[in-house]
1. Grab the beta carbon distance between V225 and A376, set R0 = 41 Å, and tell me the FRET efficiency rounded to 0.05.
2. Quick one: helix 232-244 against the long Cα principal axis of the chain, what's the angle to the nearest 10°, folded into 0 to 90?
3. What is the sum of charges around I327, taking Lys and Arg as +1, Asp and Glu as -1, for the other residues whose C-beta is under 14 Å from the C-beta of I327?
4. Figure the gain on full extension for L340 and H355 (residue separation times 0.36 nm, minus the Cα-Cα span) and round it to one decimal in nm.
5. How are the Cα pair distances of the range 15-116 distributed, in percent, across 10 Å bins from 0?
6. Calculated from the structure, log10 I(q)/I(0) by the Debye sum over Cα atoms at q = 0.07, 0.14, 0.15 Å⁻¹ equals which of (1) -0.37, -1.32, -1.41; (2) -0.45, -1.27, -1.32; (3) -0.51, -1.24, -1.38?
7. Any idea what the relative contact order of the chain is, in percent, if you count C-alpha pairs under 8 Å spaced at least 6 apart?
8. Counting only other residues whose beta carbon sits under 15 Å from that of Q157, what net charge do I get with K and R as +1, D and E as -1?
Amino acid sequence: MLLSLTLAAGTAQAQPAADADEAVARAASTIEQGYYGDALQQLASPGLRDVAEAQALLGDLYLRGLGVPQNFGTAMDYYRRAAGLGSAAGQNALGRAYAEGQAIPRDAQRAFEYLTEAAMSGVPGYQSDLARALETGVGGEPRPDEAASWYQRAAEQGDLDAMTSLGVLYLEGRGVERDADRAIELFAQASEAGDARAQNNLGLIYVRGEDVERDYDLAFELFSVAAEQGQREALTNLSVMYASGFGVDVDEAQSVRLLEQARRARGLTLSTLLEQVGFPYDARLAEQDWSMPLSPANEQAARGGDPVALYLTALRYLNGAGVRQDIPVGVERMQRAADLGMGTAQFMLGLMYAHGRNLPQDYGHAYVWTSRAALAAVPGAAEVRDALAAEMGAAQLRQAQQRVAASLDRAQ
């Protein structure tokens with residue numbers, strides 16, 4: 001059963017600091033283990049209401065839709081409370097949200113205020129986030145000189161992303177005087193620690209041979225280790241190596257395979273995800289021979305309201321598999337299976353709305369059903385839900401998230 005949380009004012013008695021720290025650490029560990037509902041209950045303790053990091057973790061759960069329906073508005077409420085209590089995590093999350101303009105309207109001034117406040121805490125990841133906002137110029141002109149300063153601070157603490165980003169600035173001479181040796185040093189340090197972006201960048205330097213002696217063998221090795229981590233540019237560069245025979249024997253088939261991997265790695269866009277998602281798997285489904293006629297037993301079970309039978313027969317009617325195609329019947333049965341709480345049916349219904357297949361394309365409806373499927377832990381549902389959110393306007397998304405909450409209330 002989902003726990004309903006509110007941010008209403010109360011007079012909860014605060015826990016002693018040591019006990020509160022232990023409770024937050026326990027909740028964070030529970031989240032890492034994937035027990036999101038348990039973590040939610042732990043963090044919702046009245047004694048943690050005024051504990052900054054507990055509020056930030058609640059914001060994370062609502063932002064990512066873990067154990068609860070994804071709700072950006074609620075997430076921002078928790079982050080604001082966390083930030084007001086002095087949480088650098090809450091400040092950083094708010095800064096990123098204002099910079100990206102998805103969860104809340106974009107506001108460059110507030111973005112930099114919160115990101116700077118978080119960076120001043122000394123956490124290298126937050127310093128790197130501020131540097132990235134300065135480098136890209138959220139809401140205005142890029143400020144690479146300031147970005148370089150913050151990247152430097154984060155890099156000195158071992159932040160690999162900051163090392164690599166600082167290396168790019170030195171290589172290109174943006175915000176700092178161009179220094180290829182310094183760039184190579186930073187890339188090498190991050191590369192040895194396993195940073196895929198640094199490995200790819202260092203490989204490119206050795207391919208070009210402009211600031212070092214050209215070394216195709218070393219470049220191939222660097223591209224390979226980065227590609228093993230799924231780094232998109234490295235996959236593309238490795239494909240070129242195989243196609244041209246630089247550092248490796250020509251292998252056109254492998255080149256094509258790597259290009260396809262790179263295309264998939266470009267994913268997390270809605271269109272790419274929808275291409276990748278196939279038949280949603282459900283462990284309760286027996287292997288089907290779709291060429292065989294519809295089983296009378298399955299038809300009877302579906303009419304009796306069995307959700308698995310409804311799902312299976314819906315697929316048959318939608319595709320004309322072993323039965324005369326009847327799309328209205330298929331849609332109606334898929335809807336019934338989804339309403340009965342079958343996560344796989346919910347995901348399939350969401351995909352149908354997202355694709356505009358057998359139903360009018362409607363990202364709002366697609367978001368509702370993929371959200372329900374994500375709460376049921378259906379593989380792939382959360383990724384599609386998040387990709388849909390990225391395609392929707394703020395008002396449309398808020399409305400869809402309200403509909404998710406309403407549908408869950410009806411289901412209880």
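1. 0.65
2. The helix 232-244 is inclined about 80 degrees to the chain.
3. +2
4. Result for the pair: 3.1 nm of gain on full extension.
5. 18, 48, 28, 7
6. Correct label is (2).
7. 8 percent
8. Result for the local shell: -4.
Every number in this text was worked out from the coordinates using simple rules, so none of it is lab data. Here the structure is a predicted model, which is why all the values come from computation and not from measurement. Using ideal geometry, Cβ is built from the backbone for each residue, glycine included, and neighbour counts are taken over all protein chains shown.
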